[in-house]
Each structure stands twice: as structure tokens, then as C-alpha cells.
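Asks: First the structure, then my questions, so here it is.
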Amino acid sequence: MREHLELFWSRVNIPKVLKAAEQAHLWPELVFLYDKYEEYDNAILTMMAHPTQCWKEPLFKDIITKVANIELYYKALSFYLDYKPMLLNDLLLVLTPRLDHTRAVTFFQKVGQLHLCLPYVKSVQSHNNKVINEALNNIYIDNEDYDSLRASIDSYNNFDNIALAQRMEKHELIEFRRIAAYLFKMNNRWKQAVELCKKDLLFKDAMEYAADSRNMEIAEDLMGWFLDNENYESFAAGTFVMYDMLKPDVILELAWRHNIMDFAMPYLIQCVREYTTKVDKLEVSDETRTKEAETNPQPLVMGEQLMLTPAPGMMPMNNMYGMNQPMYNGGYMGSM
């Protein structure tokens, strides 16, 4: 039967043969005829209904891309989970351009098989979809893969940052708590980030986050915490990492009160050097302006005189008071 159909399928009445093949339970022949008759949806449904007799992986992947009913994609995923779970990623690779990734990932989460399709989820993370990002982040946390989690966070930011940070700040592994502090820092929650670093003794991260915050109060509080814990080396390092956030008088007072002037001296020397340089520049600038003023003195310019012109028909101002009257016997002769 199969050989005959392969040779003469174009000459037979396919609808009649389809009915006959279905009645005779000739499932491979039925799939063959559905494919030739372009009834791809029925071909897929037949293979899923009778996989032991008519399912073939290359044929299935070829036909599934031609179906009209998109719902068959998700039925095919469920079918593969039950029948051929190890080939699931191969099917997903074929369906990737046509799938709704949010729906697909949600489906795998619901059935608890997201780990099985991890290659597919990674391949579609470039869409920066929130559901995909959060699903992958959860997998990395479950697998304790903090390097991949950090890379995912840096590359794809479409996820609930605060919820993830709050989840990881109590994680048993310090690297995940470190990522939690990093997430707080990314969301401008500087105080929470620094406090979390202080709990885990992540001195370098704490200093960097305090410097990035541009908040003098946070920086001074961290410096005081170093002194309270007699961590004088970190105190000295903090004076340079948070240099712009610290005041010389505060550092000098703290160092003097704790008798650690040696640890503060490099910072104070740098401050003196900076202020001396600024004063020298001001002196040079002042001398330059003084020399320019002596070389090119500017004449005093009085305000422009206001020239008033009498309106037509009016006597000039000086005529009004007899200033232009002819002189008579050494004086002015007024009008008679």
C-alpha cells in the first residue's frame, strides 16, 4: 500500500483513500496522504495520536512548521515532554521563530520542566523578555551558578530588581548576597547596599558603593565603622577610594581621636598638596591680571552726556535765561 501511494499518489482520489486508510488504521499511509494533500494539521495530530506507528522526527519537524493552527505548537511541546523529552530542544529550535516565548516559558514552569529546555531559554534571552529573564535567574539561583547570574543581570535588565535583591540578601552563599548588594546599588539604594557589604565584610565593595553614592553621610558613617572595628587598613584605603566625599577636618579629628595619625597621613599629605596647588594657581592668575592692568591701563570713562535738542518752536535753554543777549556796558542787556 505504501509503495503504491508513493508512486501513484498524484493519480488517486486522495479524499477517498484517506477515509479508507483511516478505517483500516493505516496510520503511516494516512500521514503520507495528509502531507501530500497539504492537510498538515491532521498529519501532526495523527502522528501525536499514534506515535509508535507513524511518528518520525525529521518528518514531524518538517510538517510542524507548516501547520495553520498555532495551538499545535504547544500541543507538540507537551507531546515531546511525554514521548521524546530528550529531543525537546531540537523541536524548540525549529519552532523558535514562531513561538510566543512568554507562553512557552510559562508552560514549562507550570509543568516543572524548565531545566529540560535551558538551551532554548538561553537562546531567546536576547529578546530581554521579563518572564524569560526571571526564569533564567531562578535557574541560576537553584544551580548556585552566581557567575552566570551576574552576567545575566549585567546584560539583561528587564526583571524585578528589588524582588531579586531581597530574595538573595539572605542567601546562604556570600556571592549571592554580594549580588544582592550590587542590585541595591543599581537601584540607588546605597545605604542598603553598603550595610549588606558591611555584614559580609566586603570592604572593597562597601567603599566603592559609598563613593558611587556621592553621599557624604554614607561615606563618613563607613569610615567611622572601620574605626569602631579597628580596621585601620580599610580606613586608610577608604580615604582614597572616597576621597571626594570626605572632609580633611573630619578625617584629621577621627585619626587623632583613635591615635592612628600614621594611617591618615597619606590622605592629609594629598590634601595639602591639592590645596597648595590651587593656591599657587590663584597667585599666578592674580599676578597675571595685575601685570595686564599695569601694562594696559584703562582710562576712566564717564557716563555719556545726555544731549537734549529742543523741540521745534521752543527756545533754546540758554536763551531762556538770557545767556545769548548782547552785552551792554559790561553786562547783558535784557529785552526791553
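The values are calculated or read from the model by the stated rules, or taken from the named source; none is laboratory data. These numbers were taken from a predicted model, which means no experiment stands behind them. Note that each Cβ is placed from the backbone with ideal geometry, even for glycine, and that neighbours are counted across all protein chains shown. With ligands, DNA and RNA removed, areas are computed over all heavy atoms of the protein, side chains included. Shrake-Rupley method; radii C 1.70, N 1.55, O 1.52, S 1.80 Å.
Asks: Need the failing condition index for V67 against (1) among the aliphatic types (A, V, I, L, M); (2) assigned to a helix (DSSP H, G or I); (3) surrounded by 14 or more Cβ atoms within 10 Å (Cβ to Cβ); (4) in contact with a Phe, Trp or Tyr (Cβ under 8 Å, 6 or more places away or on another chain), just the number.
Replies: Of everything listed in (1) among the aliphatic types (A, V, I, L, M); (2) assigned to a helix (DSSP H, G or I); (3) surrounded by 14 or more Cβ atoms within 10 Å (Cβ to Cβ); (4) in contact with a Phe, Trp or Tyr (Cβ under 8 Å, 6 or more places away or on another chain), V67 misses just condition (2).
Asks: Within the group N143, N128, N138, N158, which residue is without any contact (Cβ under 8 Å) to a residue 40 or more places away in the chain and in contact with a Phe, Trp or Tyr (Cβ under 6 Å, 6 or more places away or on another chain)?
Replies: It is N128.
Asks: Go through (1) under 24 Å from A135 (Cβ atoms); (2) open to solvent by less than 50 Å² (accessible area, probe 1.4 Å); (3) in contact with a helix residue (DSSP H, G or I) (Cβ under 7 Å, 6 or more places away or on another chain) for S78 and report which single condition fails.
Replies: (3)
To keep it simple, each residue is scored yes or no on (1) within 18 Å of K75 (Cβ to Cβ); (2) at pLDDT 80 or above; (3) part of a loop (DSSP other than H, G, I, E, B); (4) under 47 Å from the mean Cα position of the chain (by Cα).
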| residue | (1), (2), (3), (4) |
| --- | --- |
| V12 | no, no, yes, no |
| L18 | no, no, no, no |
| H25 | no, yes, yes, no |
| Y34 | yes, yes, no, no |
| N42 | yes, yes, no, yes |
| L45 | yes, yes, no, yes |
| M48 | yes, yes, no, yes |
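Asks: Please return the ranges of helices (runs of 4 or more DSSP H) entirely within the stretch 136-205 where 1 or more residues are in contact with a helix residue (DSSP H, G or I) (Cβ under 9 Å, 6 or more places away or on another chain), open to solvent by 40 Å² or more (accessible area, probe 1.4 Å) and farther than 20 Å from S234 by Cα.
Replies: It comes to 146-155, 161-168, 174-186.
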